[in-house]
Structure formats: C-alpha cells, structure tokens
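Chemist: This is the structure I want to talk about, given as structure tokens.
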Amino acid sequence: MNKRKKTKFMKKNILLIVVFCCLITIGHAESVSLYGFTPASVDSLPGFQPKNKPRQLNEIEFITFVAKIDKKGKLKSIKCVDEKDSLFLKYIDSYMHGLTFQPATVKNKKKKSVLPFQVLFANRVNSPQFFFPLEQDTLVQDYELFENACSLNEIQLPKVLMFPSYFANVNVMDSSNRYPFIIEKISLKENKVTAIENDMSTYDPFIQQIQSAILYAEFSQAKMKKKLQDNPMYLMVSFFPQLSYPVAPFNGNQYDSTQLLNNYRVRFISKFSTLLSEPLPKSSNASRYSRKLLGSMLMNPINTLVRIDTLGRAVALISGTKNNQLSKSVQELISRLRFFPALNYENELVEFKGIIRIEPFDELDVRISYLWFN
C-alpha cells in the first residue's frame, strides 16, 4: 500500500484540539473517487460567529445532518439524522444556505446527491466546527463520512458475510500493546474470490491459513446502483489475544456492541484512511463498566474528549460535565481504560484523540461507547 501522510493537528490551545475530533483524515486528491463517485464538497467555509449557543447544549455535542445538493451545487434542504436535534438545525440553517458547493460527480458527470456532515458544538469553543466528507480542495477530510456519503448515494460497500474459524497462537500476557494482523488484497467476481495477494503481515506463519480461509468465506461485493463493482479490496484479519482460539466462524450480519474485538477481527479496510486501525479497547466486553465510581451522579449521557497515547493509556481532556465531582470521577474512569493504540499504515503506534460517550445502563453499570466506531 502507498504510505499515508500523518494527520497534523494544530496545538495552539485546547480549543483547537477539539476541532480535530479524531475524525480528520487526509488522502491524495486523485484518490477520492470510489467506483467513479466523488461526493459534493464545500467551496469554502467562512467564519461562523454565533451570537449565542443552543440552549440545550451540553459540554460537547456531535450532531449529524444530511443535506441534498443539486447538480448545480445548490443546497436544497437539510435535516437532522436524529429529530431530537432539530434545534441545532435552526442554529446552522442560514449559515449552511450561504455556502457554495461543488456538486457530486459520477464518472466526471455532475449529479444531484445526498451529503452527510457533522457539526461539533462545545461550550469551550466559540464557533461550531463543521466536518464534511471532503475538504474544499477535494482532500478526504473524514473517511467515515465519505463512506456514509457513498451509502446514501446508492453505493453499497463490500461486506464480510461469513468468515471460517481460524487458529492463532497469541499470548494474552503480551505487554507490547500490539496485536498481530494480516492484510490480504482480494478480487471478487460475482461475489466469488478470483485472486488473493498478501499486502501486509505481522503474523507470517498464519498467512497460508488465512488465505485458505478466504476461499471458503462469503462476501458481499461492492455495488453501484445495484451493479457489481470488480475493484480489488483489502481484508484485514486481526488476532486479538483476548479472544479464544480457534475462534467461531465470523458472522458479518450479527453485530454485538458489547463485543468490539470480535466485531473488528475480520473487516475490509480502506486505502483512503490515514489510520490502519483506531484504538481498540483491550477488554473483550468494553461497553459496560461498573458505576461504583460514578454512583448516582450520572443521570444523563455525557461526551468526553479523550487522548489515547502510544502505550494505550487514556486521559480525559474535557470531561463533558460542569459538575466538578462528576468530572473528577469521569477522569478517573477514563484513566482506568486500556487500549490497543491506534496504528498507521507504517505499522507505527500513534497518538489518537476522540470522544467517548458514558451513559447510564442499569443500577450496577454504565454503558461506554467509543464514537470513532460509529
């Protein structure tokens, strides 16, 4: 694979750190077309200086919107993905209608399209921050939004439907903060594997086993307007020490939010993304945590801005609450979480910043969601 540029973040103050939100990824302009489709993009983002903040604003809010753009680049409508966020829509509506857009293209022809975007609202930031699939200079700004834009415009991305059981010999006591992985470049024709080529590996003795398993796996090939696309894809198989081997066959139609490591052990990855892998919690059941530390103080969901270093340690940069006692408890909870650090395409451990949501679950536990996976 081509080497990726490392994401650069401005570090003049903590407010600019918020802007990054772990979502920004950068790719080369000539590579942003997927199956001939390029999403709409904003020509420029002039400064937005609101007179006040939305009344229901918590410390940190990430709101997702969907806009319709015609083939002339005119914004036709905007709606919130979640209706409860409608007040935020009123807050940005006139600003959005003042922007100019480059229309989406399909094989270089201008087309009307659906454009997802996100807005970061934070009490410590004077202006909301906008995130689109592409920057105005056609660089990939947010690959997750880029994928979402594809899906909203009748592009069905490839999917692993079933992957056979496989064995691994990994040490659960390994303290290196790494996990072995194998990446295979595969070609599909009518959902059948026609070619397999190893692309990258940190677990060479098991390459042949994984290549054999691929021949018996089931995949859903990429489609554009229901037409199959034959482009090569990259399949990443990760060997997490916390799982029991041989693993059970992987079922891509069953997603269990409480079993993140199992969900991400077999997946297609993208050549557009700066990161090979975002941080992964080391616990096999990382979505629930005892609420003893928070007690009855946590009544509503809160979003917490965290930094995860190359040793897998997490620090809360903004706790997400104005309650000082709850803030200290949230910081303590975050400090106890342990991760496999983020990896770039040079297989280097890199620092990562993102948002964790903590919300009540029951009398005993809280639910933890890692928003970079959403």
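Chemist: Compare the Cα positions of 143, 163, 116 along the charge dipole of the stretch 110-171 (+1 at Cβ of Lys, Arg; -1 at Cβ of Asp, Glu; about the Cα centre) and return the one farthest towards the positive end.
Modeler: Most positive-ward Cα: 116.
Chemist: What is the calculated FRET efficiency for residue 87 to residue 351, with r their C-beta to C-beta distance and R₀ = 35 Å, to the nearest 0.05? All intermediate terms of the calculation are to be shown ahead of the outcome.
Modeler: Details: r = 35 Å, r/R0 = 0.99.
After rounding to 0.05, the efficiency reads 0.50.
Chemist: Any of 109/159; 68/112; 71/109 with alpha carbons more than 18 Å apart? Name them for me. Write out the running numbers ahead of the final one.
Modeler: On the way: 109/159 27 Å; 68/112 8 Å; 71/109 9 Å.
The answer is 109/159.
Chemist: By average Cβ neighbour count within 10 Å, what is the ranking of 280-286, 94-100 from highest down? Provide the component values of the computation, followed by the final result.
Modeler: Values: 280-286: 18.4, 94-100: 13.6.
Ranked by mean Cβ neighbours within 10 Å, highest first: 280-286, 94-100.
Chemist: With Cβ to Cβ distances under 15 Å as the rule, what net charge do the other residues near residue 207 carry (K, R +1; D, E -1)? Before the final figure, lay out each step's value.
Modeler: Details: positive: 185; negative: 184, 197, 199, 204.
With Lys, Arg at +1 and Asp, Glu at -1, the neighbours total -3.
Chemist: To continue, here is another question. Between their Cα atoms, which of 90/322; 189/353; 192/271; 185/226; 84/328 are more than 31 Å away from each other? Could the numbers behind the result be given before it?
Modeler: Values: 90/322 25 Å; 189/353 39 Å; 192/271 22 Å; 185/226 23 Å; 84/328 29 Å.
The pairs that break the limit, which is 31 Å between Cα atoms, are 189/353.
Chemist: Quick one: net charge of residue 230's neighbours, Cβ under 14 Å, K/R +1, D/E -1? Write out the running numbers ahead of the final one.
Modeler: Numbers: positive: 185, 189, 192, 223, 227; negative: 190.
Combined, the nearby Lys, Arg, Asp and Glu give +4.
Chemist: For the stretch 197-265 and the stretch 110-124, compute the distance between their C-alpha centroids and round to whole Å.
Modeler: Answer, in whole Å: 31.
Chemist: Still on this model: Subtracting the Cα-Cα distance from 0.36 nm times the residue separation, let me have the gained length for residue 220 to residue 33 in nm, one decimal. Mind showing how you got there, number by number?
Modeler: Numbers: separation 187, 0.36 × 187 = 67.32 nm, distance 2.04 nm.
Computed gain between residue 220 and residue 33 is 65.3 nm.
Chemist: With a 10 Å radius around each residue's Cβ, average the other Cβ atoms per peptide and rank 127-134, 258-265, highest first. Walk me through the numbers on the way to the answer.
Modeler: On the way: 127-134: 20.9, 258-265: 17.6.
Top of the packing list down: 127-134, 258-265.
Chemist: Percent relative contact order of the chain, based on C-alpha pairs within less than 8 angstrom and at least six residues apart? Before the final figure, lay out the partial values.
Modeler: Working: 797 pairs, mean separation 60.4, N = 374.
Computed over the chain, the figure is 16 percent.
Chemist: Could I ask something else about it? Report the gain in length on full extension from residue 190 to residue 299: 0.36 nm times residue separation, minus Cα-Cα distance, nm rounded to one decimal. Present the calculation step by step, with values, prior to reporting the outcome.
Modeler: Working: separation 109, 0.36 × 109 = 39.24 nm, distance 5.04 nm.
Going from the current span to full extension adds 34.2 nm.
Chemist: Rounded, prolate or oblate: which fits the chain when a ≥ b ≥ c are the square roots of the eigenvalues of the alpha-carbon gyration tensor, with rounded for a/c under 1.5 and prolate only if a/b beats b/c?
Modeler: oblate
Chemist: Go through 197-209, 341-353, 141-153 and give me the packing order, highest mean Cβ count within 10 Å leading.
Modeler: Values: 197-209: 14.2, 341-353: 18.1, 141-153: 20.2.
The densest-packed peptide leads the list: 141-153, 341-353, 197-209.
No lab work stands behind these numbers, since they all come straight from the coordinates. Keep in mind that what you see is a predicted model, and the values were worked out from it rather than measured. As a convention, Cβ positions derive from the backbone with ideal geometry for all residues, glycine included, and neighbour counts pool all protein chains shown.
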